[in-house]
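Written out below as structure tokens is the structure these notes cover.
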Amino acid sequence: MTSGWWKGLVAPAALIAAAEIAMRVWGSASMSLAAPSDIAVALAKGLADGSVLHATGQTLAAAGAGLALGGLAGLAIGVLFGLVRTVDRLMEVTVEAIRPIPSVAILPLAMLMFGFGYSMEIAIVAFSCLWPIMIYTRSAMAGIEPRLMEVSRALGLSSWDRIVKIVLPAALPRILLAFRLAAAIALVVAVTVEIAINPLGLGYGILVAQQGLQPDLMLAYLAWIGIVGWAVNALMLVAQQRLFGRAAMAEAAQ
Amino acid sequence: MTTSAPSTPAISFDGVTLAYGEKTIVRDFSLEVGRGEIVCVIGPSGCGKTTALRMAGGLVQPNAGAVRVLGEAVKSPRRDVAIVFQDYGKALLPWRTAAANVALSLEAAGVARAERRDRIEHLLAKVGLAGHGDKYPTEMSGGMQQRIQIARCLAQDPQVLLMDEPFGALDAMTRQGLQDEMLSIVAETGATVFFVTHDLEEAVYLGDRVIGLLPNPGRTGVDIAVDLPRPRDQLETREMPDFLHLRRELFDFIEKAEA
């Protein structure tokens, strides 16, 4: 660790202090702002009574399930498209037509199909995560060392073995990167769906606080979502290094 | 495989032509490699020596003519034909240890897990890598990495070894060491070797025969028998008058071929 790690904290600390002073000096009954200390108290209360953690669990469950479903589908499609050029060509127009649809735009459709609740949210998150993972996986297929494919042919590996033992490990660093990006997307989409329509999780919490004229709680949720997002990314990084250390670094080593 | 009599050549090219679009790589190329023979192929770049090796390995198909290995037409790679690539760094799986890289060959052949361990240990010892099985390729020198690849190929129990400039990227001392190890392994197994190289001395030192190819399009230029006694010795063999004559002959050939 570098000894100057605290330098990065100077600016945020100063800003928080300035906000605190400003709110105290001019005293505010704002509907949208609250003093940092009030926000901290609201967050602590929310954490203590379990309501924030409960909401966090709901959001993470929906985001995680959506990421898993969309990620696996994207992975499978990406491998298929990456390895079989004909399929890629055939599906190109279809994919490019569906992919740009904003995930929130399929909300009404998902509502009709699934109603309120987890299924709808998971479906929308899965839709959002599918594309980046599919595209990264497809391009990772193209980046595989051609010599390795020749080696697999020369050794007479079966198609399944070729995918599991050569293709996926060789593409793993980029696939893991795609999953990390998709995890961030999953959280964003989950919260968006909750704010827009679904009575669940952190997004719904923030909405209720806003409508209940509790800016301190609303901003506490906001800060908490930031912390959760950061933690998810950090966790994915650690998992990547722990589970796939050697393979994830294979690309860098070459 | 059992149908081919021992007299059929290990590898035969019969009027083989291969073209990529307009560019003819090899035209009407014919060559026979006998069982247990070590044939070295030299020639200037663009003479199709690597292409010929890839056709024998079943990695590419000729447009005309026939390539046969042990009497059978080559349609795809076969397990008893092993290919050693020059770029060992790319041909090895960087996420697998040396032992696991060798294991890949046994996994492909469906060898039971319990049996693999002993065989891998034996193979690694054979190529001088005993005790290095747990290392990753990136932790090893170029010579050691190429030994891993050779061990992986030997795991196929090959009747034919196709070697594409396998020692070209190694330093002189390492190269000589590997040349001798390869010769002793081949003498032990009786495998047929098709060895592509750009090093004329290497070709004479290793080969029973040296084939010189001419470029644009690739075809046979010379076919020289090497009657130097075996086992060969890095010092004595290379000082023999016959060795020097052959080296001279090939040098002249290459000079003319490149002109």
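Considering only residues that are of a type outside the set (A, V, I, L, M) and more than 20 Å from the chain's Cα centre (by Cα), which ones fall in segment B:234-246?
First pass over segment B:234-246, keeping only residues of a type outside the set (A, V, I, L, M): B:234, B:236-239, B:241-243, B:245.
Those that are of a type outside the set (A, V, I, L, M) and more than 20 Å from the chain's Cα centre (by Cα): B:E236, B:T237, B:R238, B:E239, B:P241, B:D242, B:F243, B:H245.
Does B:E188 satisfy being without any contact (Cβ under 8 Å) to a residue 12 or more places away in the chain and not in a strand (DSSP E or B)? Lay out the reasoning, then the answer.
Values: without any contact (Cβ under 8 Å) to a residue 12 or more places away in the chain: yes; not in a strand (DSSP E or B): yes.
For B:E188, the condition - without any contact (Cβ under 8 Å) to a residue 12 or more places away in the chain and not in a strand (DSSP E or B) - is met.
Going residue by residue through segment B:87-98, is there one that turns out to be aliphatic (A, V, I, L, M), touching a Phe, Trp or Tyr at 6+ places or on another chain (Cβ under 7 Å), more than 26 Å from A:Q241 (Cβ to Cβ) and buried (at least 23 other Cβ atoms within 10 Å of the Cβ)?
yes
Taking the conditions exactly as written (within 22 Å of A:I195 (Cα to Cα) and among the hydroxyl-bearing types (S, T, Y)), does A:T59 satisfy them or not?
Details: within 22 Å of A:I195 (Cα to Cα): yes; among the hydroxyl-bearing types (S, T, Y): yes.
In short, yes.
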(message) Going through B:S45, B:S12 one at a time, which residue ends up being under 20 Å from B:G221 (Cβ atoms) and not in a loop (DSSP other than H, G, I, E, B)?
(response) B:S12
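Residues being more than 7 Å from chain A (Cβ to nearest Cβ) and in a loop (DSSP other than H, G, I, E, B): count how many of those fall in segment B:83-92. If you could, list the steps in order and put the result at the bottom.
Taking segment B:83-92 first, the residues more than 7 Å from chain A (Cβ to nearest Cβ) are B:84, B:86, B:88-89, B:92.
Okay, now just the ones that are also in a loop (DSSP other than H, G, I, E, B), so B:86, B:92.
Going through segment B:83-92 one residue at a time, the tally reaches 2.
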(request) Can you confirm whether segment B:241-258 contains a residue that is part of a loop (DSSP other than H, G, I, E, B), out of contact with any Asp or Glu (no Cβ under 7 Å at 6 or more places or on another chain) and not charged (D, E, K, R)? (result) no
(request) Quickly run through segment B:105-119 and pick out the residues that are of a type in the set (A, V, I, L, M) and either in contact (Cβ under 8 Å) with a residue 24 or more places away in the chain or in a helix (DSSP H, G or I) (or both). (result) B:L106, B:A108, B:A109, B:A114
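Can you name the residue in segment B:106-118 that is surrounded by 17 or more Cβ atoms within 10 Å (Cβ to Cβ) and not small (G, A, S) and, of all such residues, is nearest to the other protein chains (Cβ to nearest Cβ)? Break it down stepwise before answering.
Residues of segment B:106-118 that are surrounded by 17 or more Cβ atoms within 10 Å (Cβ to Cβ), as a first pass: B:106-108, B:116.
Subsequent filtering for residues that are not small (G, A, S) retains B:106-107, B:116.
Numbers: B:L106: 10, B:E107: 7, B:R116: 14 Å.
Within segment B:106-118, the match that is nearest to the other protein chains (Cβ to nearest Cβ) is B:E107.
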(request) Select from segment B:94-105 the residues that are of a type outside the set (D, E, K, R) and either at the interface with chain A (Cβ under 7 Å from one of its Cβ atoms) or more than 20 Å from the chain's Cα centre (by Cα) (or both) and list them in ascending order. (result) B:P94, B:W95, B:T97, B:A98, B:A99, B:A100, B:A103, B:L104, B:S105
(request) Spot the failing condition for B:R78; the list is (1) buried (at least 21 other Cβ atoms within 10 Å of the Cβ); (2) within 14 Å of chain A (Cβ to nearest Cβ), and only one is missed. (result) (1)
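Can you go through A:R174, A:R138 and tell me which one is among the basic types (K, R), crowded, with 20+ Cβ neighbours inside 10 Å and touching a residue at least 24 places away in the same chain (Cβ under 8 Å)? Show your work before the answer.
On the way: A:R174 fails: crowded, with 20+ Cβ neighbours inside 10 Å.
Of A:R174, A:R138, the one residue that is among the basic types (K, R), crowded, with 20+ Cβ neighbours inside 10 Å and touching a residue at least 24 places away in the same chain (Cβ under 8 Å) is A:R138.
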(message) For a quick check of your reading: which helices (runs of 4 or more DSSP H) sit entirely within segment A:134-243 and have at least 1 residues that are within 14 Å of chain B (Cβ to nearest Cβ) and at pLDDT 90 or above?
(response) A:146-155, A:168-196
(request) Answer yes if at least one residue in segment B:65-72 is more than 10 Å from chain A (Cβ to nearest Cβ), over 20 Å from the mean Cα position of the chain (by Cα) and in a helix (DSSP H, G or I), and no otherwise. (result) no
(request) State the number of residues belonging to segment B:120-172 that are buried (at least 18 other Cβ atoms within 10 Å of the Cβ), within 13 Å of chain A (Cβ to nearest Cβ) and in a loop (DSSP other than H, G, I, E, B). (result) 5
(message) For segment A:7-30, which positions are within 17 Å of A:Q214 (Cα to Cα) and either basic (K, R) or not in a helix (DSSP H, G or I) (or both)?
(response) A:G27, A:S28, A:A29, A:S30
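The values are calculated or read from the model by the stated rules, or taken from the named source; none is laboratory data. Everything numeric in this text was worked out from a predicted model, so none of it was measured. Neighbour counts run over all protein chains shown; Cβ positions are idealised from the backbone, glycine included.
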